[in-house]
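Structure, as structure tokens:
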Amino acid sequence: MGMRSSSSRSLELEGILDLIAEIQKAVARIAYPSEEMIHEIRSFSAVDVAYRNGDCIALALVYECGSGNVVETAHVIGRPAAPYMPGFLALREFTPMAEAVRRLSASWDVLLVDGHGRAHPRMAGLATFLGFLLGRPSVGVAKKLLVGEVGSYEEGVAEIRYQDTVVGYAVKVGQGKPFYVSQGYGVSIGDVRRVIQLFNMEYPPPLREAHLRAVSLFEER
């Protein structure tokens, strides 16, 4: 049997992306409650993926809000399942992220994901998709804006509007670069605002720590 042509592989990929896009749209229709759902946050889980020399490490941790301590970490080492494609980060990072989070045994209340949630072309980015499939509330935090318009900043926070909907917030402290926080699965826009306030407008320390620990694992190999 001969090898498939590049055109047939391209059509196959196009079909996979079309299917994922439809799944994302379906998830978006059920993912976002209008009322606040998170009444107490004692601890977060945070998950990020680092890359080097064709390998990837997904690292998840549990962070206690009161003490600021990391009480547990878990990681997965592998190869990316797909190249980076804007709007389809879930195809690349969902599997290792989900496995790393599932390896945690300590309890946590909200999952912070290095990626967009509702601020996504189909209103369901990696953070939403991951929270949905894990069945846990999630919030997306990204360093670059993917879609939407950022409004005027008031006390360092500006609304992100997409398709006439507030999908998240841009946060900027002083002269620093903004970061973007959006609804993931099972959280309201009010819950997102609460998470921002909980970290005093700073980039969430649990995600920063997850990234640093994932990178350090490459150094130790």
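The values are calculated or read from the model by the stated rules, or taken from the named source; none is laboratory data. Note that the structure is predicted; figures quoted are calculated from it, not measured. No Cβ is skipped: glycine too gets one built from the backbone with ideal geometry, and neighbour counts run over all protein chains shown. Each accessible area value is taken on the protein alone, full model and side chains, heavy atoms only, with ligands, DNA and RNA left out. Shrake-Rupley method; radii C 1.70, N 1.55, O 1.52, S 1.80 Å.
Observations
- Of the set (1) of a type outside the set (S, T, N, Q); (2) open to solvent by 20 Å² or more (accessible area, probe 1.4 Å); (3) under 15 Å from the mean Cα position of the chain (by Cα); (4) modelled with pLDDT under 95, all apply to Asp114 but (4).
- Selection status of Ala98, touching a residue at least 40 places away in the same chain (Cβ under 8 Å), within 22 Å of Met37 (Cβ to Cβ) and small (Gly, Ala, Ser): no
- Contact map, the stretch 126-150: residues that are over 24 Å from Lys177 (Cβ atoms) paired with residues that are part of a strand (DSSP E or B) and open to solvent by 50 Å² or more (accessible area, probe 1.4 Å), Cβ distance under 6 Å, separation 6+ or inter-chain. No pairs are found.
- Evaluation of Ile77 against (1) open to solvent by 40 Å² or more (accessible area, probe 1.4 Å); (2) within 17 Å of Val139 (Cα to Cα) (one fails), failing number: (2)
- Within the stretch 31-45, one or more residues are surrounded by 15 or more Cβ atoms within 10 Å (Cβ to Cβ), under 21 Å from Leu217 (Cα atoms) and within 18 Å of the chain's Cα centre (by Cα).
- Glu36 being within 22 Å of Arg118 (Cα to Cα) and either among the acidic types (Asp, Glu) or touching a Phe, Trp or Tyr at 6+ places or on another chain (Cβ under 9 Å) (or both): yes
- Within the stretch 167-221, the set of residues being out of contact with any strand residue (DSSP E or B) (no Cβ under 8 Å at 6 or more places or on another chain) and closer than 18 Å to Ala50 by Cβ comprises Arg208, Leu212, Ser216, Glu219, Glu220, Arg221.
- All of (1) in a loop (DSSP other than H, G, I, E, B); (2) hydroxyl-bearing (Ser, Thr, Tyr); (3) open to solvent by less than 60 Å² (accessible area, probe 1.4 Å) hold for Ser105 with one exception: (3).
- Criterion (touching a helix residue (DSSP H, G or I) at 6+ places or on another chain (Cβ under 7 Å) and open to solvent by less than 30 Å² (accessible area, probe 1.4 Å)) met by exactly one of Val147, Val187, Val157, Val195: Val157
- Single match in Tyr180, Tyr203 (criterion: farther than 21 Å from Asn69 by Cβ, surrounded by 15 or more Cβ atoms within 10 Å (Cβ to Cβ), of a type outside the set (Lys, Arg) and in contact (Cβ under 8 Å) with a residue 60 or more places away in the chain): Tyr180
- Hits in the stretch 206-221 - residues which are under 18 Å from the mean Cα position of the chain (by Cα) and open to solvent by 40 Å² or more (accessible area, probe 1.4 Å): Arg208, Glu209, His211, Leu212, Arg213, Val215
- Of all residues in the stretch 46-72, those that are in a strand (DSSP E or B) and open to solvent by 60 Å² or more (accessible area, probe 1.4 Å) total 4.
- Among the conditions (1) part of a strand (DSSP E or B); (2) surrounded by 22 or more Cβ atoms within 10 Å (Cβ to Cβ); (3) not acidic (Asp, Glu), the only one that Ala170 does not satisfy is (2).
- Test: residue in the stretch 140-162 that is basic (Lys, Arg), part of a helix (DSSP H, G or I) and out of contact with any strand residue (DSSP E or B) (no Cβ under 7 Å at 6 or more places or on another chain): no
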